[in-house]
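Novice: Can you keep this structure in mind? I'll have questions shortly.
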Amino acid sequence: MTSYLHGHHEPVLRSHRSRTAENSAAYLLPHLDAGQRLLDIGSGPGTITCDLAERVGGIVAVEIDEQALGLTLDEARRRGVTNLTGRVGDVHRLPFPDASFDVVHAHMVLQHVGDPVAALREMARVARPGGVVAARDSDYGMFTWTPASPGIQEWLELYHRLAVDAGGEPDAGRFYPQWAAEAGLREVSFSASTWCYSSVEDRRWWGESWAARVLTPTFVRRAAARGVGEAELQRLADGWREWSAAPHGLFLVPSVELLARV
């Protein structure tokens, strides 16, 4: 595994808890039914996981360590989800026998792993014949915003460097066709969807979210290894806030979706 660039700090969790099955896994929902067993890899704070649990017979959440898994289980308890269990595991070596699940899902995970092709092979291995492998990842290189912001542009360039330093691929979405072919997946289709932050409230929330995230201890430590100090990070945070306060604007986060039958 790579070293997770974001960490599990509160500003990160606040952002990730805004993710739902509807806004982050809509491409998968038509393929779900109440008789299925689903594996959710990289479940994080569990909002998507718990939404999916409402649509299938049973769900297993996998996270890289007990702390991260605890976030998912806490959300399940809070929402009264009873058909969800958790396991600690590595997507490169999933702790399940072959053909264990009807659906295997990973949201914003492949961009953070050391070998996404091996991860896809493992996801296919634990899927039953005729089952579904589903993944969605953003492509940072395709992020678009207006009005122009030198601070956000500098943030994006720094984020790319830090993500690669951590062993990941921040532009993961564009590599899905290549990775799927190298993993030997068949009957694969690709789609795309975009988070759009355009209202005053949404832009303020998105801008404040990233302004806080660039100042979390994990991001500060990673940036320091690149020679970027806290004063410069504060300037990038200010850039996010200035952008979010503009009277008109939007921010687009495009993501690519993979759906394969095994």
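Novice: Filter the stretch 150-180 for residues that are open to solvent by 70 Å² or more (accessible area, probe 1.4 Å), without any contact (Cβ under 8 Å) to a residue 60 or more places away in the chain and not acidic (Asp, Glu) and give the result.
Specialist: Of everything in the stretch 150-180, those that are open to solvent by 70 Å² or more (accessible area, probe 1.4 Å), without any contact (Cβ under 8 Å) to a residue 60 or more places away in the chain and not acidic (Asp, Glu) turn out to be Gln153, Val164, Gln178.
Novice: Being in a loop (DSSP other than H, G, I, E, B) and under 18 Å from the mean Cα position of the chain (by Cα) is the filter; apply it to the stretch 120-151 and report the residue that is farthest from Arg37 (Cα to Cα).
Specialist: Top of the filtered list is Phe143.
Novice: Here's another thing I want to ask about it. Name the residue that is most open to solvent (accessible area, probe 1.4 Å), counting only residues in the stretch 188-204 that are touching a residue at least 24 places away in the same chain (Cβ under 8 Å) and over 17 Å from Val256 (Cβ atoms).
Specialist: Arg204
Novice: Considering only the stretch 13-119, give the strands (runs of 3 or more DSSP E) lying wholly within it that have at least 2 residues that are open to solvent by 20 Å² or more (accessible area, probe 1.4 Å).
Specialist: It comes to 84-88.
Novice: Looking at the stretch 233-247, can you tell me whether even one residue there is of a type outside the set (Asp, Glu) and modelled with pLDDT under 95?
Specialist: Checked the stretch 233-247: at least one residue is of a type outside the set (Asp, Glu) and modelled with pLDDT under 95.
The values are calculated or read from the model by the stated rules, or taken from the named source; none is laboratory data. The structure presented is a predicted model; accordingly, all values stated were derived computationally and were not measured. Cβ atoms come from the backbone with ideal geometry, glycine included; neighbour counts cover every protein chain shown. Quick note on the areas: whole protein, heavy atoms, side chains included, nothing else; ligands and nucleic acids left out. Shrake-Rupley method; radii C 1.70, N 1.55, O 1.52, S 1.80 Å.
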